[in-house]
1. Could you count how many residues in the range 196-213 are open to solvent by 50 Å² or more (accessible area, probe 1.4 Å) and either out of contact with any Leu (no Cβ under 8 Å at 6 or more places or on another chain) or part of a loop (DSSP other than H, G, I, E, B) (or both)?
2. If you scan the range 147-205, which residues turn out to be among the aromatic types (Phe, Trp, Tyr) and touching a helix residue (DSSP H, G or I) at 6+ places or on another chain (Cβ under 7 Å)?
3. Tell me which residues, restricted to the range 423-442, are open to solvent by less than 10 Å² (accessible area, probe 1.4 Å) and touching an Asp or Glu at 6+ places or on another chain (Cβ under 8 Å).
4. Suppose we filter the range 259-277 for residues that are without any contact (Cβ under 8 Å) to a residue 40 or more places away in the chain and open to solvent by less than 40 Å² (accessible area, probe 1.4 Å); how many remain?
5. Could you tell me whether residue 371 is more than 21 Å from the chain's Cα centre (by Cα), within 30 Å of residue 257 (Cα to Cα) and open to solvent by less than 20 Å² (accessible area, probe 1.4 Å)?
6. Could you list, in sequence order, the residues of the range 313-339 that are open to solvent by 10 Å² or more (accessible area, probe 1.4 Å), outside any helix (DSSP H, G or I) and not hydroxyl-bearing (Ser, Thr, Tyr)?
7. Show the residue pairs meeting these rules: Cβ distance below 6 Å; 6+ apart or different chains; first residue within the range 338-356 and under 18 Å from residue 184 (Cβ atoms); second residue open to solvent by 30 Å² or more (accessible area, probe 1.4 Å).
Amino acid sequence: MPTTPDEVTCTISGVTGPNSRGKTGAGTGGQAGPGTGVGQRAALLVRGGHVITMDPGAGDILSGDVLVSGGTIAAVGTGLTAPPGATELDATGMIVAPGLVDTHWHMWNTLLRGMSEGGPGYFRLCRSLGPAFGAEDVYQGTLLGCAEAINSGITTVHDWCHNIRTPAHAEAGLRALAQAGLRARFSYGYPAAHPNDQAMDLAGLRRLHAEWAGRGADGLLSLGMAWRGPGGSDPALRVPAAIYRQEIDTARELGIPVTVHACGPRAAAGQIGMLADAGLLGPDLQVVHANWATEAEIGQLAAAGCPVTISPWSEILVGYGLPRTRELLAAGIPVGLSVDTTALTGNADMFAIMKLTQGLANAAAEDEFALTARRTLALATIDGARSLGLAEVTGSLSPGKRADLIVVSATGPNLGMVTDPAQLLVTAAQPGNVDTVIADGRVAKRGGVLTTLDAERIGRDAQRALNGVLARQGPVVR
């Protein structure tokens with residue numbers, strides 16, 4: 001393939017693209033061919049970039065190097081020596097940062113992207129089309145979400161799967177996550193349009209938990225519960241206390257984390273207080289949204305150690321109001337950022353989520369510096385990891401942690417130079433600027449091209465899956 005002066009051949013996976021510079025010894029970069037899923041881990045040295053470690057003890061490193069070995073960050077510094085057989089990735093003029101962390105995403109309904117207004121509305125859309133999803137449709141929707149995550153620089157996802165109709169549906173979601181090679185919490189949920197007076201499939205959850213040792217994808221995947229609670233955000237959900245207590249009691253018996261939507265829309269006000277009064281809050285319970293939480297309820301979350309995930313794009317588009325970012329942070333609550341659902345928000349651009357998070361917080365405070373870019377970047381990296389209980393594993397470029405990192409090129413017209421790298425990532429960067437993604441030590445994107453997943457084939461398969469769902473669709477559920 002011919003090249004221009006601005007285009008050089010990447011030596012990993014035979015991919016050619018702008019800014020894809022590589023120098024390889026005996027190593028292969030640890031990759032499989034495009035479309036085959038995760039590859040092998042190999043020694044990698046990312047050299048010469050502006051490294052944002054998000055580690056308070058290390059700070060930023062100009063012209064820094066990151067050495068990866070066996071899926072672990074072995075060293076971060078300057079002038080590091082590549083071990084024999086290691087692959088060197090030239091990051092000169094680029095920004096090297098931790099992989100981005102999503103803390104709540106309904107990945108199965110990625111197939112429904114751009115359909116919420118015709119649903120009519122997001123919740124009715126899910127209740128109407130969710131029952132028509134077969135297990136393979138959950139797989140295709142989740143895999144499409146995974147491909148977009150990698151393309152966007154997201155290396156950790158929380159798949160809140162609230163359409164598990166059979167054990168095969170759960171298996172399908174897990175299969176997609178494992179194939180993509182992302183770090184993920186898979187939260188086992190209830191089927192779309194499930195009757196309020198019936199518990200979710202707790203026997204299926206117990207079976208999956210009992211078998212988890214063989215399904216964890218080498219430690220990348222963990223199990224949680226997607227809990228309805230008293231009803232969450234969906235106005236059709238009004239779950240009796242005996243049912244939602246049975247569900248959360250099962251999760252706590254199994255020792256798995258739980259996530260619930262609470263106080264999102266105005267109509268859901270008071271839900272956090274209800275959970276607090278019932279003694280159900282705790283550090284194992286992640287709360288989604290909390291837009292209408294009172295100051296007292298925010299205090300209850302803080303006292304209980306509950307993390308919160310906010311999804312500013314979905315919250316403003318669906319009409320919940322503004323996220324309570326500043327208030328939650330001021331209370332010392334662990335906060336992460338959420339894609340939520342691309343059926344409503346359109347895409348999984350974590351850079352845009354960061355920018356909106358900062359902008360809304362500063363607008364509400366009438367203060368340009370109420371939430372800085374670097375503090376916002378922390379929400380999408382180390383704080384997001386902390387909110388998922390993964391701060392010792394990922395979220396910063398610290399020796400000993402797993403090797404989840406991104407390399408962002410500054411050559412695009414929306415960047416053009418490296419000034420304040422944190423502010424650039426939050427306010428200017430886009431998924432198209434992500435040159436390289438390394439997830440658990442495996443190169444998943446290089447030279448701006450996915451290297452382990454075939455995006456075009458995944459898109460074609462997703463369209464076929466959606467066509468099948470639409471053909472099987474029943475009447476609209478109001």
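1. Summing the residues that are open to solvent by 50 Å² or more (accessible area, probe 1.4 Å) and either out of contact with any Leu (no Cβ under 8 Å at 6 or more places or on another chain) or part of a loop (DSSP other than H, G, I, E, B) (or both) in the range 196-213 gives 8.
2. Answer for the range 147-205, where residues must be among the aromatic types (Phe, Trp, Tyr) and touching a helix residue (DSSP H, G or I) at 6+ places or on another chain (Cβ under 7 Å): 186, 188.
3. Those that are open to solvent by less than 10 Å² (accessible area, probe 1.4 Å) and touching an Asp or Glu at 6+ places or on another chain (Cβ under 8 Å): 438, 439, 440.
4. 9
5. yes
6. 319, 321, 322, 323, 324, 331, 332, 334
7. Taking only residues 6 or more apart or on different chains, the pairs are 342/113; 348/148.
Residues checked against (1) modelled with pLDDT under 95; (2) open to solvent by 10 Å² or more (accessible area, probe 1.4 Å); (3) under 19 Å from residue 450 (Cβ atoms); (4) of a type outside the set (S, T, N, Q):
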site: 106; (1), (2), (3), (4): no, no, no, yes
site: 129; (1), (2), (3), (4): no, no, no, yes
site: 139; (1), (2), (3), (4): no, yes, yes, yes
site: 142; (1), (2), (3), (4): no, no, yes, no
site: 155; (1), (2), (3), (4): no, no, yes, no
site: 158; (1), (2), (3), (4): no, no, no, yes
site: 161; (1), (2), (3), (4): no, no, no, yes
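The values are calculated or read from the model by the stated rules, or taken from the named source; none is laboratory data. Since we're looking at a predicted model, the values are computed, not measured. No Cβ is skipped: glycine too gets one built from the backbone with ideal geometry, and neighbour counts run over all protein chains shown. Side chains are part of the model used for accessible areas, which takes the heavy atoms of the whole protein and leaves out ligands, DNA and RNA. Shrake-Rupley method; radii C 1.70, N 1.55, O 1.52, S 1.80 Å.
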